[in-house]
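Asker: Okay, here's the structure, questions in a sec.
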Amino acid sequence: MTEIHANGCRLTDVEALRRIVLARRSARRFLTDPIPAGVLEDVLAITQRAPTGYNLQGWIAIIVTDPAVKIKLRHAAFNQRQVEDAPAVVVFATDTHVARNFENTASHALELGHWSESYANYLRRIIKAVFGREFFGVGNFFRWAGMRSMSFFRPMPMVPLGDIGFAGYGWKQTALAAQNFMLAASAHGLDTCPMEGLDERWVRKAVGLPGHFSVPLIVPVGRTPEPSKLSPRFPPEKIFHRDRYGTKFVGIESLVP
Ligand SMILES: Cc1cc2nc3c(=O)[nH]c(=O)nc-3n(C[C@H](O)[C@H](O)[C@H](O)COP(=O)(O)O)c2cc1C
């Protein structure tokens, strides 16, 4: 009998995940066949389970299947043809005014009993400090000062947003969702290509995104006629360190030659 872990996963899930991860390769050519009904919807449902900081859920995705919009996106992506060929292209965008989501997040979490009232109030203060935009406001001060000495703010688990800015913060969240998307697509037998070769302004214009959204990547999705070879990766010893930088974490068997 297959062992079921406390989190509901089974040992066989590891093999399935490995297969899915290995099946994902960046596709540069796509068949124009449409994606079967219901498949994209399931992929998107899985995508939405991606985590976000403070559960602010500041990313959105625009699923483009209209050929006219795809042509515009191809131009925005410096004429990379996979954008036009793929039956769908997903534009992943992040809201740089993500703090506006907080009250929605809080009321939803309170309603479901996921957060207590005091936790919501505590987070409300943090959100103001991290994301507040008033010129002489606490947010600007924290971001400015946070860059200099995080130790001063130890009592608050804040991200030092000053270093990365609002867009950087959002890109991080959005990239996690995009990875969920690519793996879910892979599991459904679809191919994808994460793409950063784009001009954000043109992408925004192509899909009518307001200026407070930033676009870290777009992902064409469909089926490729010729799956690419598995791309190489550095030896694990170069990537993984034990306890501190420079001490190799040994014993990892690479999935690729
Ligand atoms: C954030 C990101 C942006 C990328 N942008 C492009 C792109 O604009 N065009 C492209 O053809 N491939 C793009 N790629 C694909 C990479 O070239 C590819 O992931 C890498 O060579 C590893 O190959 P694999 O995805 O097949 O494992 C991008 C990948 C990532 C993760």
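Asker: Multiply the residue gap between residue 60 and residue 97 by 0.36 nm, knock off their C-alpha separation, and tell me the result in nm, one decimal place. Could the numbers behind the result be given before it?
Answerer: Details: separation 37, 0.36 × 37 = 13.32 nm, distance 1.26 nm.
Extra length available between residue 60 and residue 97 comes to 12.1 nm.
Asker: Separate question: Would you mind getting me the FRET efficiency between residue 9 and residue 42? Use the beta-carbon distance for r and R0 = 22 Å, nearest 0.05. Mind showing how you got there, number by number?
Answerer: On the way: r = 19 Å, r/R0 = 0.85.
Calculated value: 0.70.
Asker: Trypsin sites (Lys or Arg not before Pro) within region 21-68: which are DSSP loop residues with at most 11 other Cβ atoms inside 10 Å? Intermediate results must be reported in sequence, preceding the final value.
Answerer: Details: sites: 24, 25, 28, 29, 49; in loops: 24, 25, 28, 29, 49.
Taking region 21-68 and a limit of 11 other Cβ atoms within 10 Å, the loop trypsin sites (Lys or Arg not before Pro) found are 49.
Asker: Using only Cα atoms, tell me the angle between helix 67-76 and the longest principal axis of the chain; keep it within 0 to 90° and round to the nearest 10.
Answerer: So the helix axis and the longest Cα principal axis differ by about 70 degrees.
Asker: How compact and how long is the chain, expressed as Rg and Dmax of its alpha-carbon atoms in Å?
Answerer: Rg then Dmax for the chain, in Å: 20.9, 62.
Asker: What's the longest piece of the chain with no exposed GluC sites (Glu not before Pro), counting a site as exposed if DSSP puts it in a loop and it has at most 12 other beta carbons within 10 Å? Display every interim value, and only then the final one.
Answerer: Values: sites that count: 3, 134, 196, 253.
Maximal segment without exposed cleavage sites: 4-133.
Asker: Excluding same-chain residues fewer than 8 positions from residue 70, which lysines have a Cα within less than 18 Å of its Cα?
Answerer: 205
Asker: Using a probe of 1.4 angstrom, how much of the accessible area of the chain is carbon and sulfur, in percent? Mind dumping the intermediate values first?
Answerer: Numbers: 8890 of 15460 Å².
On the chain, the fraction of accessible area on carbon and sulfur atoms equals 58 percent.
Asker: Where does the charge balance sit around residue 252 when Lys and Arg score +1, Asp and Glu -1, over other residues with C-beta under 12 Å from its C-beta? List each step's numbers first, then the result.
Answerer: On the way: positive: 233, 238, 242, 248; negative: 237, 253.
Net of charged neighbours comes to +2.
Asker: Separate question: Using Cα springs under 10 Å in a Gaussian network model of the chain, which residue among 114, 241, 188 shows the largest mean-square fluctuation?
Answerer: Of the options given, 241 has the highest mean-square fluctuation.
The values are calculated or read from the model by the stated rules, or taken from the named source; none is laboratory data. In this text, all values refer to a predicted model and were calculated from it rather than measured experimentally. Using ideal geometry, Cβ is built from the backbone for each residue, glycine included, and neighbour counts are taken over all protein chains shown. Side chains included, ligands, DNA and RNA excluded: accessible areas come from the protein's heavy atoms. Shrake-Rupley method; radii C 1.70, N 1.55, O 1.52, S 1.80 Å.
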